[in-house]
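This report refers to the structure that appears directly beneath it.
The values are calculated or read from the model by the stated rules, or taken from the named source; none is laboratory data. None of the values given here were measured: they were computed from a predicted structure. FYI the Cβ positions are ideal-geometry reconstructions off the backbone, even for glycines, and counts take in every protein chain you see.
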Amino acid sequence: MISPLGHPKILSLLPELGVQSFLFTGPEGVGRRTVARWFTYLLNCTRGLPPCGNCASCLLDPHPDFLLVEPDKDTKSGKTSQKPQIRLEQIAPRQEGEPNLLDWASTYPRYRAKLAVVDGAHLLNEAAANALLKLLEEPPGYLRLVLVAPSRELVLPTLASRSTEIPFAPLPASLMETLTPDPRVLAFAGGAPGKALWALNHPAEFSALNQAASKVLEALETGPNQSFLALKELLEVEGGLAYFSTMLHHLFPLGTGARAAALEVILRTEEALASYVSTDLVVTQLAQKLWRLAKAPQRV
Ligand SMILES: [Zn+2]
């Protein structure tokens, strides 16, 4: 059994909505998958709301009526593609015996209802999206589908229009502080309990992230070349650039305009990196732009 942190309105709303397809939007780590798993227990609990935690269904973990479909980075050729995607064979049957969403959804639940999460509904390739659309149009009565994406705008309109959007907001500081008092972890998490828990459970990785990000802050005091090297190191660390963007107030304590400009530069960099552009070229530009912004006289 699982109990999500926060989102009380969503938890009370979900069982009352008489719909089968949902689109959970919001930032990474905020609790969308956790709430979807909790909903599976709720739908199948023999005792009701909230799920009791003690009945035959609640005691199952993992629950057989829950399925998670995620993008993978492996392509058919075995090479790792840079951009993760959900492929057709994850949604529809292609080869005998290969697990996929449509096959899974075609059999009755062990208890009352099945729930499938498509995590990365914005990362479905075209064929996969078309296959999923058929299921969204006519889902079996026992099935709930939860599409997960950062925002509705990123999801194909044909999929989004057949789903009820449930927007997830970052949790308030008072709730986040029940997880940890560490201000660095709280800044890193930005209201997403999943990110806070990752930092707490991976102290070595989190410390490496802090060191790499602090190095960039120091290098930006020195010059674009040093900044380039420090940024390259930061990119080696998973989530490095995103974490660095939470530290921009150190760089621009007064200039909110410059801070916004720097954030924009970082977002563009992330997009460029995701689309196969040469890393060195992208990082050179990032270093120069950030250095220039950091050197410019700041206005309040
Ligand atoms: Zn139960």
Checking ALA36 against (1) buried (at least 18 other Cβ atoms within 10 Å of the Cβ); (2) within 16 Å of the ligand (Cβ to nearest atom); (3) modelled with pLDDT of 95 or more, the condition it does not meet: (2)
Options ALA187, ALA173, ALA196: the member that is in contact with a helix residue (DSSP H, G or I) (Cβ under 9 Å, 6 or more places away or on another chain) and either among the polar types (S, T, N, Q) or crowded, with 20+ Cβ neighbours inside 10 Å (or both): ALA196
Residue among ALA160, ALA187 that is in contact (Cβ under 8 Å) with a residue 60 or more places away in the chain and assigned by TED's automatic domain parsing to the domain that holds GLY31: ALA160
Residue match in the range 97-111 (condition: among the charged types (D, E, K, R), away from the ligand (no atom under 16 Å from the Cβ), touching a strand residue (DSSP E or B) at 6+ places or on another chain (Cβ under 8 Å) and modelled with pLDDT of 95 or more): no
Some residue of the range 163-177 being in a loop (DSSP other than H, G, I, E, B), closer than 20 Å to THR25 by Cα, touching a Leu at 6+ places or on another chain (Cβ under 8 Å) and among the hydroxyl-bearing types (Ser, Thr, Tyr): yes
